1. State whether one or more residues within region 11-21 are of a type outside the set (A, V, I, L, M, F, W, C) and farther than 21 Å from Lys108 by Cβ.
2. I'd like the residue in region 82-98 that is charged (D, E, K, R) and either out of contact with any helix residue (DSSP H, G or I) (no Cβ under 8 Å at 6 or more places or on another chain) or assigned to a loop (DSSP other than H, G, I, E, B) (or both) and, out of all such residues, is modelled with the highest pLDDT.
3. From Val69, Val79, which residue is in contact with a helix residue (DSSP H, G or I) (Cβ under 6 Å, 6 or more places away or on another chain), closer than 25 Å to Gly38 by Cβ and touching a residue at least 24 places away in the same chain (Cβ under 8 Å)?
4. Among the numbered conditions (1) in contact (Cβ under 8 Å) with a residue 60 or more places away in the chain; (2) surrounded by 20 or more Cβ atoms within 10 Å (Cβ to Cβ), tell me where Leu27 comes up short.
5. Can Val43 be described as modelled with pLDDT of 90 or more, surrounded by fewer than 17 Cβ atoms within 10 Å (Cβ to Cβ), out of contact with any Ser or Thr (no Cβ under 6 Å at 6 or more places or on another chain) and within 16 Å of Asp12 (Cα to Cα)?
6. I'm trying to understand the selection: among the residues of region 5-49, which are in a helix (DSSP H, G or I), of a type in the set (S, T, N, Q) and under 17 Å from Glu70 (Cβ atoms)?
7. Just for region 99-131: of the residues that are surrounded by 15 or more Cβ atoms within 10 Å (Cβ to Cβ) and β-branched (Val, Ile, Thr), which one is modelled with the highest pLDDT?
8. Within the group Asp15, Asp63, Asp56, which residue is farther than 20 Å from Phe126 by Cα, among the acidic types (Asp, Glu) and crowded, with 23+ Cβ neighbours inside 10 Å?
Amino acid sequence: MNRSLRIAVADDESDMREYYQTILPRLGHEVVGVAGNGREILVVCRETKPDLVILDIKMPEIDGIEVAVELYRTMPVPVILVSAYHDAELISRAEADHILAYLVKPIKQADLQPAIGLAYRRFEQFEELRRETETLKQALEDRKIIERAKGILMKRSGLSEEDAFRRMQKLASQKNQKLIEVARSLVTADEALG
């Protein structure tokens, strides 16, 4: 990965925080925030809006997995979890969609760089899929409203399906509106007329 990322890190061990602050700039990244517990890193992330977050799993107040869940809910960002433990329960909890890499301490520079690149690329891919899904959902919802409006025109004006659609297109063109806006207006008017 050639892109320099703005990275926030959280670990309750001061030597690990220092390690990140030393090694990440060597890898071409900027450390924009450092925290010693889960609550602090949430504040840091809100303030700095990092490109990626590296979290220790076991931290005071809020553990790294809970932080990752909260970050995903409020400001989606790729997360790498780090642990000194091979705990099956922790790994199972870490398998959530928003955890994109899992490293076991001690972390070597040779492991960190590929994990950062992979996590960031995967996150970009997931975000693209999420946007496409939202676009498709919206298109489906719009289509339902357009079909409903077309049905209203057919019923009220005795038009064929094709003619009702053409009338909506013509109205949209005349009013310089999108077809969905005309359809929503028709549905609203029909609801008002009862």
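1. Residues of region 11-21 of a type outside the set (A, V, I, L, M, F, W, C): 11-15, 17-21.
When the remaining residues are screened for being farther than 21 Å from Lys108 by Cβ, the result is none.
Within region 11-21, none of the residues are of a type outside the set (A, V, I, L, M, F, W, C) and farther than 21 Å from Lys108 by Cβ.
2. Just the residues of region 82-98 that are charged (D, E, K, R), to begin with: 87, 89, 93, 95, 97.
Those still in the list that are either out of contact with any helix residue (DSSP H, G or I) (no Cβ under 8 Å at 6 or more places or on another chain) or assigned to a loop (DSSP other than H, G, I, E, B) (or both) too: 87, 89, 95, 97.
Working: Asp87: 69, Glu89: 72, Glu95: 69, Asp97: 53.
Filtering first and then ranking leaves Glu89.
3. Numbers: Val69 fails: in contact with a helix residue (DSSP H, G or I) (Cβ under 6 Å, 6 or more places away or on another chain).
The match here is Val79.
4. (2)
5. Details: modelled with pLDDT of 90 or more: yes; surrounded by fewer than 17 Cβ atoms within 10 Å (Cβ to Cβ): yes; out of contact with any Ser or Thr (no Cβ under 6 Å at 6 or more places or on another chain): yes; within 16 Å of Asp12 (Cα to Cα): yes.
Yes; evaluated as a whole, the condition is true for this residue.
6. Residues of region 5-49 in a helix (DSSP H, G or I): 14-26, 38-48.
Filter once more, so that each one left must be of a type in the set (S, T, N, Q): 14, 21-22, 48.
Selection gives Thr48 alone.
7. Ile116
8. Numbers: Asp15 fails: crowded, with 23+ Cβ neighbours inside 10 Å; Asp63 fails: crowded, with 23+ Cβ neighbours inside 10 Å.
It is Asp56.
The values are calculated or read from the model by the stated rules, or taken from the named source; none is laboratory data. As the structure is a computational prediction, the values presented were derived from the model and not from experiment. Cβ sites come from the backbone with ideal geometry, for glycine too, and all protein chains shown count toward neighbours.
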